[in-house]
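Since every read-out is calculated from the coordinates, none of them should be taken as a lab result. If you're wondering where the values come from, they're calculated on a predicted model, not measured in any experiment. Cβ: placed from backbone, ideal geometry, glycine included. Neighbour counts: every protein chain shown.
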Amino acid sequence: MFENIDWGRLDVWIAIAVLAVATAATRSTFWLIGHHITIPRRVGEMLRYAPACALAAIIAPDMLLEGQQVHFELSNLKLLSGIAATIFFVIRRNMLQTIVFGMLVFTGLRLLHVFQ
């Protein structure tokens with residue numbers, strides 16, 4: 001299993017070790033010293049929306065773009081599924097159910113699109 005690995009490349013192993021330490025240091029900062037830092041109330045309120053903004057930044061381009069073009073047509077199954085999932089979330093307020101519902105709608109639309 002390890003016979004094809006070039007163990008003589010010390011620079012690669014040093015880079016991996018440095019990156020592992022840097023990752024651990026940056027991710028553990030708030031865990032190690034977070035109780036000593038007080039975040040202003042306004043910043044805390046804004047940070048509540050960070051996960052939703054990050055998720056929207058990942059999902060929106062996938063739903064709206066087809067290549068380099070924005071695709072706002074009824075043939076965009078991802079957009080239709082996203083709209084249905086958004087409406088479902090507004091009604092139910094359950095994220096896991098919304099994800100399952102959106103994927104079921106997307107799969108159903110894809111199957112309908114394939115069999116037409």
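A few comments on the model shown:
- Prolate/oblate/rounded call for the chain, Cα gyration tensor, a/c under 1.5 rounded: oblate
- Projected label distance in nm at T86 and R27, using a 7 Å step from Cα toward the beta-carbon: 3.3 nm
- Loop-located GluC sites (Glu not before Pro) in segment 29-81 (DSSP state other than H, G, I, E, B) with a sparse environment of at most 15 neighbouring Cβ atoms within 10 Å: E73.
- Rounded tilt (10° steps) of 95-114 against the dominant C-alpha axis of the chain: 60 degrees
- Shown here for segment 87-116: trypsin sites (Lys or Arg not before Pro) in loop regions (DSSP other than H, G, I, E, B) with at most 12 other Cβ atoms within 10 Å, namely R93.
- The phi torsions of segment 33-47, fed into the Karplus equation with coefficients 6.51, -1.76 and 1.60 and a -60° offset, translate into couplings of 10, x, 6, 8, 10, 9, 8, x, 4, 5, 5, x, 5, 5, 5 Hz, rounded to whole numbers, with Gly and Pro shown as x.
- The magnitude of the dipole of the chain, with charges of +1 and -1 set on the Cβ of Lys/Arg and Asp/Glu and taken from the Cα centre, is near 660 debye.
- Spacing of the two label points (7 Å from each Cα toward its C-beta) at I59 and L111, in nm: 2.2 nm
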